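Novice: Okay, here's the structure, questions in a sec.
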Amino acid sequence: LTTAAELSEALQLLNETIEELHADGLEVPRPPVGAMVEVPSILYEIETIARQVDFFSVGTNDLTQYLMAVDRNNPRVAKMYASMHPTVLRVLSKLIQEAHQAEKPVSICGEMAGNPAAALVLLGLSVDSLSMNVASLPRIKWLVRSFTHREAQALAAEAMSMSSADSVIQLINEAIEVRGLGGLVRAGK
């Protein structure tokens, strides 16, 4: 999805298909419809899109890549890809706030959801759900149970005020270490 107009076209096709099924005597309910946010252009149409969908999902891998203008698969520039950059966090915060104002839930998928430090910030941004691979679940579950929402919100606010991804990562990792959960962020632990 790159524009609200594209969503309208897709919804028209969905509605036509449901009408055809009804005409054939099949009573099918309209399924919940969501918008996958992966490109920055959508961020300027959240209010319009929210009127047409039931939920938002954010593909953080692509969104980060496009926001940072970095091809994460290109070894010459991949080191500049930084999903924990304060700019990315501020964009996610704005998107979540606007979706929630429209009473739409937001889920996060991509590498951020399964990264303990990122998951803690996302909780602080009040994301509704995280979608990750099953191997990440125990670590994220442990982390979620170890911080209050208010603590996560304070960390997220501080992270968004910083100027680099490295400083954000240091802040969050230190908070996790202080809580006695350093094994979640240290390699090999």
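The values are calculated or read from the model by the stated rules, or taken from the named source; none is laboratory data. Predicted, not measured: the structure shown is a model, and the values here were computed from it. Cβ atoms come from the backbone with ideal geometry, glycine included; neighbour counts cover every protein chain shown. Please note that ligands, DNA and RNA were not included when accessible areas were found on the heavy atoms of the full protein model with its side chains. Shrake-Rupley method; radii C 1.70, N 1.55, O 1.52, S 1.80 Å.
Novice: Under the rule a/c < 1.5 gives rounded, and otherwise a/b versus b/c splits prolate from oblate, where does the range 101-189 land using the Cα gyration tensor?
Specialist: Judged from the Cα gyration tensor, the range 101-189 comes out oblate (a/c at least 1.5, b/c at or above a/b).
Novice: Treat every Asp and Glu Cβ in the chain as -1 and every Lys and Arg Cβ as +1, leave all other atoms uncharged, and give the resulting dipole magnitude about the Cα centre to the nearest 20 debye.
Specialist: Once rounded to the nearest 20, the dipole reads 1240 debye.
Novice: Now, a different point. State the number of lysine pairs found in the chain whose Cα atoms come within less than 24 Å, restricting to pairs 8 or more positions apart or on distinct chains.
Specialist: 4
Novice: Mind giving me the FRET efficiency for Ser161 and Glu27? R0 is 41 Å, r the Cβ-Cβ distance, nearest 0.05 is fine.
Specialist: Between Ser161 and Glu27 the formula returns 0.20.
Novice: If you take Rg and Dmax of the Cα atoms in Å from the coordinates, which of (1) 18.6, 62; (2) 15.6, 46; (3) 16.2, 47 do you get?
Specialist: (1)
Novice: Which of Gly59, Ala5, Ala78 sits farthest toward the positive end of the charge dipole of the chain, with +1 on the Cβ of Lys and Arg and -1 on the Cβ of Asp and Glu?
Specialist: Sorting the options by dipole projection puts first Ala78.
Novice: A further question on this structure: How big is the accessible area of Met80 in square angstrom, nearest 10, if you roll a 1.4 angstrom probe over the protein chains?
Specialist: Estimated to the nearest 10 Å², Met80 gives 110 Å².
Novice: Write out the trypsin sites (Lys or Arg not before Pro) in the range 146-186 meeting two conditions: DSSP loop, and at most 15 other Cβ atoms within 10 Å of their Cβ.
Specialist: Taking the range 146-186 and a limit of 15 other Cβ atoms within 10 Å, the loop trypsin sites (Lys or Arg not before Pro) found are Arg179, Arg186.
Novice: Here is a follow-up. Rounding to the nearest 20 debye, state how big the charge dipole of the range 58-132 is about its Cα centre with +1 on each Lys and Arg Cβ and -1 on each Asp and Glu Cβ.
Specialist: My answer is approximately 280 debye.
Novice: Related question: State whether the range 75-150 is rounded, prolate or oblate according to the following rule on the C-alpha gyration tensor (a ≥ b ≥ c being the square roots of its eigenvalues): a/c under 1.5 gives rounded; otherwise a/b larger than b/c gives prolate, and the remaining case gives oblate.
Specialist: Oblate is the answer for the range 75-150, as a/c is 1.5 or above yet b/c matches or exceeds a/b.
Novice: Still on this structure, I have one more. So which trypsin sites (Lys or Arg not before Pro) in the range 20-110 pass both tests, a DSSP loop state and at most 13 other Cβ atoms within 10 Å of the Cβ?
Specialist: Numbers: sites: Arg51, Arg72, Arg76, Lys79, Arg90, Lys94; in loops: Arg51, Arg72, Arg76.
Answer by residue number: Arg51, Arg76.
Novice: A further question on this structure: Need one value: the accessible area of Asp166 in square angstrom, 1.4 angstrom probe, rounded to the nearest 10.
Specialist: So the heavy atoms of Asp166 present about 120 Å² to solvent.
Novice: Measuring from label point to label point, each 7 Å out along Cα→Cβ, what is the Leu43 to Asp62 span in nm?
Specialist: The two pseudo-label positions are separated by 1.6 nm.
Novice: Just want the answer: with Cβ charges of +1 for Lys and Arg and -1 for Asp and Glu, which residue in Gly124, Gln170, Gly25 is farthest toward the dipole's positive end in the chain?
Specialist: Gln170
Novice: Can you show me the helix-derived [θ] at 222 nm for the chain, built from DSSP H runs with n ≥ 4 at -39,500 (n - 2.57) apiece and divided by the number of residues, rounded to the nearest 500.
Specialist: It lands at -16000 deg cm²/dmol.
Novice: Between rounded, prolate and oblate, where does the range 141-189 land on the alpha carbon gyration tensor, with a ≥ b ≥ c its root eigenvalues, rounded for a/c under 1.5, else prolate if a/b exceeds b/c?
Specialist: oblate
Novice: Among the GluC sites (Glu not before Pro) within the range 1-87, which fall in a DSSP loop and have no more than 15 other Cβ atoms within 10 Å of their own Cβ?
Specialist: Glu27
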